[in-house]
Ligand SMILES: Nc1ncnc2c1ncn2[C@@H]1O[C@H](COP(=O)(O)OP(=O)(O)OP(=O)(O)O)[C@@H](O)[C@H]1O
Ligand SMILES: [Mg+2]
């Protein structure tokens, strides 16, 4: 069955329903339901081991779910109409070893290779894809430079440009802000936001930097085995509310806290 324009218009880009995944027999994510529409920039946050990478790998079909449904544009993930529409930048993808000598342009060229075309033919189409991706990522000035000589932010842009060259519409990014300094982080987030607004890309991005992602994404999801929050980024709960959503209780003894506060406010007092 092929995707009709009507189905595409009505179906969300991604629909995940009651998804449960186990690894080595241990339940990692339970009953996850979410939908993502075209053009959304979604931040996926949560504690270490909360299941973020597991969710991404299951969306990509690498891990099999114990139960649940995943659909792209209302189609099964293996449907032909989905081919090439999903791109992934793995956790620490930008940590390319320094002994790997590859230029930015060469790295981006790799993005145009896929299962049905494993050879760089250098046709007009391929050149255009690569030029567009380099331009979108703002890497024209460094395109002939070795990737190992780039800053952390530029390297991240380079691995994202590789995905852009593949023409993927839905881009999954696992921790792209790690090792990126503050200035580069801001411009990387602006770049990702622009991809959604101006190039109709859709982004699901994992990050530990809640403050940064809240400033850039449209929507945030907090995953810790289950989804604890899914809503507008600007309404993301504060620490106390988040603790309540995660089922974390305060361990402070009320009397002890009050005594401590009294001592701090009245040094030397009894
Ligand atoms: N191959 C594996 N076999 C068994 N358990 C695994 C495997 N890989 C990961 N896990 C476990 O699955 C849980 C979730 O891991 P996952 O990598 O999805 O978390 P995460 O939210 O991405 O964490 P981080 O923020 O540290 O990247 C962890 O408890 C982890 O130990
Ligand atoms: Mg992870």
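Side notes on the structure shown:
- Percent of alpha-carbon pairs separated by more than 17 Å within region 23-158: 70
- Region 162-270: translational diffusion in µm²/s, Stokes-Einstein, Kirkwood Rh over Cα pairs, 20 °C, 1.002 mPa s: 126
- Region 5-265: radius of gyration over Cα atoms, expressed as a fraction of 2.2 N^0.38 Å: 1.13
- Take the Cα of residue 226, step 7 Å toward its Cβ, do the same at residue 211, and the gap between the two points is 3.1 nm.
- Length added when fully stretched, residue 99-residue 251, from 0.36 nm per residue minus Cα-Cα: 49.8 nm
- For region 188-209, the residues whose backbone nitrogen is under 18 Å from a point 7 Å from the Cα of residue 140, taken along Cα to Cβ, are 191, 195, 199.
- For the chain, built as a Gaussian network whose Cα springs stay under 10 Å, the top-fluctuating residue of 142, 45, 206: 142
- Max mean-square fluctuation residue, GNM over the chain, Cα-Cα springs under 10 Å, options 65, 98, 90: 98
- Acute angle (nearest 10 degrees) that the helix 254-265 long axis makes with the longest principal axis of the chain, alpha-carbon atoms: 80
- Working ranking of peptides 75-88, 168-181 by packing, defined as the average number of other Cβ atoms within 10 Å per residue, highest first, is 168-181, 75-88.
- 19 Å cut-off, amide nitrogen to a point 7 angstrom out along residue 60 Cα→Cβ, residues in region 76-95: 77-79, 82-95
- Helix axis angle, 152-165 relative to the chain longest principal axis, alpha carbon, degrees: 50
- Calculated on the alpha-carbon coordinates, the convex hull of region 148-210 measures out at 85 cubic angstrom per residue.
A short reminder: the numbers here are calculations on the coordinates, not readings from a lab. What you see is a predicted model, and the numbers here were worked out from it, not measured in a lab. Glycine gets a Cβ as well: all are built from the backbone with ideal geometry, and neighbour counts include every protein chain shown.
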